[in-house]
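**Q** There's a structure below that I have some questions on.
Bear in mind that the values in this text are calculations on the coordinates, not laboratory data. Because the structure is predicted, anything quoted here is derived from the model rather than measured. Because the Cβ atoms are built from the backbone with ideal geometry, glycine has one as well, and the counts that use them run over all protein chains shown.
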Amino acid sequence: MSANNRVFIFDTTLRDGEQSPGATLSSAEKLEIARQLAKLGVDIIEAGFPAASPDDLAAVQRIAQEVGTLDGPVICGLSRAIEKDILTCWEGVKLAAKPRIHTFLGVSDYHLNYITKTTKPEALEIVRKAVTYAKSLCEDVEFSPMDAGRADPQFLIEVCALAVQCGATTLNIPDTVGYVMPQEWGELIATLIAETPGAGPGSGVIWSIHCHNDLGMATANSLAGVMAGARQVEVTINGIGERAGNTSLEEVVMALHTRPQYYGLTTGIHTREIMKTSRIVSNYTGMPVQPNKAIVGANAFAHESGIHQDGMLKNASTFEIMTPETIGLHQSRLVLGKHSGRHALKVRLQELGYTIEGDALNQVFGRFKELADAKKNVTDADLEALIADEFHKPAEIFSMDDIQVTCGTMGMPTATIKMRKADHSAEFIHAAVGTGPVDAAYRAIDAIVKVPNTLIEYSVHSVTAGIDALGEVTVRISPEGDERSFGGYGADTDIVVASVKAYLAALNRMLAVLGYGEMKPEGEAATLSLKHP
């Protein structure tokens, strides 16, 4: 790694990003996201926190083995500054061609007094032992003094110098609670680089920054840190993460890409993969991207004002500082409708970054024809949603065959749903009354599945404009007596059908994670016995 004008992108979507409430991912989903992150060109993937759970360890091991190839990214695991955690972390990443152990300890007075309850000399001894042990296992060691933004700068220098002395090759400075402002953050990073013994320019130590967005400063702080000399930025896709989230990968990368004369810095990111990566992460986590989100939001390249539209027609650069194609968002080139053939669909999907052949193409083509019969023109956004609904969903335990709803001002909203077990071993039909068609449908599903849960979020938006728009629904549910939550996504021209797809996706994800027993038919319904970890 050269630390001159190259900024290394450390993606923590699978670790810090998954800590977003409701963003629980299965091992298979983590692997798919890791593969896409490698395709995106990130330098380091923080694959998880191996000591957190056996499932997290298994996911990190699988990513290390299948994505951490010699020509792939560094595969990193996070660990507390505890010997058993560090050993577990090493077990997770050691199969990667380029493994890294990332260990951390809180160093602000808040953390020393209330979390670790240690003195500064005791904290230094913990750092010494942890980094030394990690270095005995792995050549590439990263150390983070947690809550550095509120720590004593002189103590920070002392901690960082000790970490380097014990073998740390990357020093990551986290603004853990998103407290610092850009100017003071840049000054702090510059001071640390200049005054930390053994970690200055030419030492081979990479300085890194990890910023949270509690005051909306994550991207600004990260760029300030880069200007001060940091050459690694820790980010997540769509800016997801604890509380208000982390620094957004797409914002930092495109700032450096769009303003090369100002920053004079480059990354190894293949920017045309940004949009696809954003959508995959959004669909898997069940966390929709806000329409006005920078770079990847639905409105990022939309123009409604007459003055803006006039300028765009004359020269796109009047109101766009980057082209949609730069991030992999294509303008419509083929008008797809009910008369379009399989080849036209295949070509358009390839232009969108999806190579689909054989039976998979036939499957998508069948769904495309159904959609084309329901609306005049099928847009790129419709195709993206269709692909997400067809391929980016959890393994099915239950699936829907048919649904019929009755609603309006006369009578009570009623839904009748026909469902089956995914292995076709059982079929169920149930009707329920609710406050509306979606509520009635969800009550009917609950009567079949019989797994108590709470719907904590329900979000609907249209993919495209018009009365025949394809509707997207995202939901989040939480099992009874469990703090975890699980997201689901569905898309259809019928918003009730989309709602049912999303709810079933969330239920299937929840059941897959918690485990389930044999179904015991009880008339039209069934009972599942959950096996909690």
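**Q** Let me have the 222 nm mean residue ellipticity of the chain computed from DSSP H runs of 4+ only, each contributing -39500 (n - 2.57), with the sum over all residues rounded to the nearest 500.
**A** On the way: 17 runs with 206 residues, N = 533.
Using -39500 (n - 2.57) per qualifying helix, the result is -12000 deg cm²/dmol.
**Q** Separate question: Could you run the Karplus curve 6.51 cos²θ - 1.76 cosθ + 1.60 with θ = phi - 60° over region 407-414 and give me ³J(HN,Hα) per residue in whole Hz, x for Gly and Pro?
**A** 8, x, 7, 9, x, 9, x, 10
**Q** Could you derive backbone 3J(HN,Hα) for region 67-76 from the dihedral phi with the Karplus parameters 6.51, -1.76 and 1.60 (θ = phi - 60°), listing whole Hz in sequence and x where the residue is Gly or Pro?
**A** 10, x, 7, 4, 9, x, x, 5, 9, 10
**Q** What are the ³J(HN,Hα) couplings of region 474-488, residue after residue, when phi is run through the Karplus curve with 6.51, -1.76, 1.60 and θ = phi - 60°? Round to Hz, x for glycine and proline.
**A** Once θ is set to phi - 60°, the couplings for region 474-488 become 10, 10, 9, 10, 10, x, 4, x, 9, 7, 5, 9, 9, x, x Hz.
**Q** Another question, if that's okay. Separation of region 237-273 and region 426-442 by C-alpha centroid, Å?
**A** 44 Å
**Q** Here is a further query. Once fully extended, how much extra length lies between HIS424 and HIS343, figured as 0.36 nm per residue of separation less the alpha-carbon to alpha-carbon distance?
**A** Answer, rounded to one decimal: 25.9 nm.
**Q** Now for a different question. First measure r as the distance between the Cβ atoms of MET410 and LEU455, then evaluate 1/(1 + (r/R0)^6) with R0 = 35 Å and state the FRET efficiency to the nearest 0.05.
**A** 0.85
**Q** Okay, next question. Out of residues 5 or more away from GLY268 or on other chains, whose amide H comes under 5 Å of its own, with H placed 1.01 Å from N in the peptide plane?
**A** Close amide H contacts, sequence-distant or interchain: ILE9.
**Q** List LYS501, LYS98 from most exposed to least, where exposure is judged by having the fewest other Cβ atoms within 10 Å.
**A** With the fewest neighbours first, LYS501, LYS98 line up as LYS98, LYS501.
**Q** Between ASP55 and GLU122, take the C-beta separation as r, use R0 = 45 Å, and let me know the FRET efficiency to the nearest 0.05.
**A** That pair, ASP55 with GLU122, gives E of 0.85.
**Q** So which helices of the chain fit the span-like rule, where a helix is a whole DSSP H run, its Cα atoms reach 24 Å or more along the axis, and its mean Kyte-Doolittle is at least 1.6? Could the numbers behind the result be given before it?
**A** On the way: long enough: 120-137 (26 Å, -0.09); 358-374 (25 Å, -0.23); 495-514 (28 Å, 1.67).
Once both thresholds are applied, what remains is 495-514.
**Q** Please report the spacing between the Cα centers of region 188-227 and region 1-63 in Å, no decimals.
**A** Distance between centres, Cα-based: 22 Å.
**Q** Give the long-range amide H neighbours of GLU457: residues separated by 5 or more places, or on another chain, with amide H under 5 Å away, using H modelled in the peptide plane at 1.01 Å from N.
**A** Here the answer is ARG476, since their amide H atoms fall under 5 Å of that of GLU457.
**Q** Taking only the Cα atoms of the chain, how large is their convex hull per residue, in Å³? Please list the in-between numbers first.
**A** Numbers: hull volume 88.7 nm³, N = 533.
Normalising the Cα hull of the chain by residue number yields 166 Å³.
**Q** Too long at a 22 Å Cα-Cα cut-off: which of LYS94/LYS117; LYS30/LYS276; LYS30/LYS94; LYS293/LYS369?
**A** Check vs 22 Å cut-off fails for LYS94/LYS117; LYS293/LYS369.
**Q** Can I ask one more? Order of 145-152, 362-369, 280-287 by packing, highest average Cβ count within 10 Å first?
**A** By packing density, highest mean first, the sequence is 280-287, 145-152, 362-369.
**Q** Given the alpha-carbon gyration tensor of region 8-285, what are the semi-axes of its equivalent ellipsoid in whole angstrom, ordered largest first, with each equal to the square root of 5 times an eigenvalue?
**A** Ellipsoid half-lengths, sorted descending, are 26, 23, 17 Å.
**Q** Farthest toward the dipole's positive end in the chain, which of LEU188, SER208, THR176, given Cβ charges of +1 (Lys, Arg) and -1 (Asp, Glu) about the Cα centre?
**A** Highest projection toward the positive end goes to SER208.
**Q** Take the Cα pairs of region 398-514, get the Kirkwood Rh, then feed it into Stokes-Einstein at 20 °C and 1.002 mPa s and tell me D in µm²/s.
**A** 147 µm²/s
**Q** Which order results if ILE101, ILE456 are arranged by neighbouring Cβ count within 10 Å, fewest first?
**A** Fewest to most other Cβ atoms nearby, the residues stand as ILE456, ILE101.
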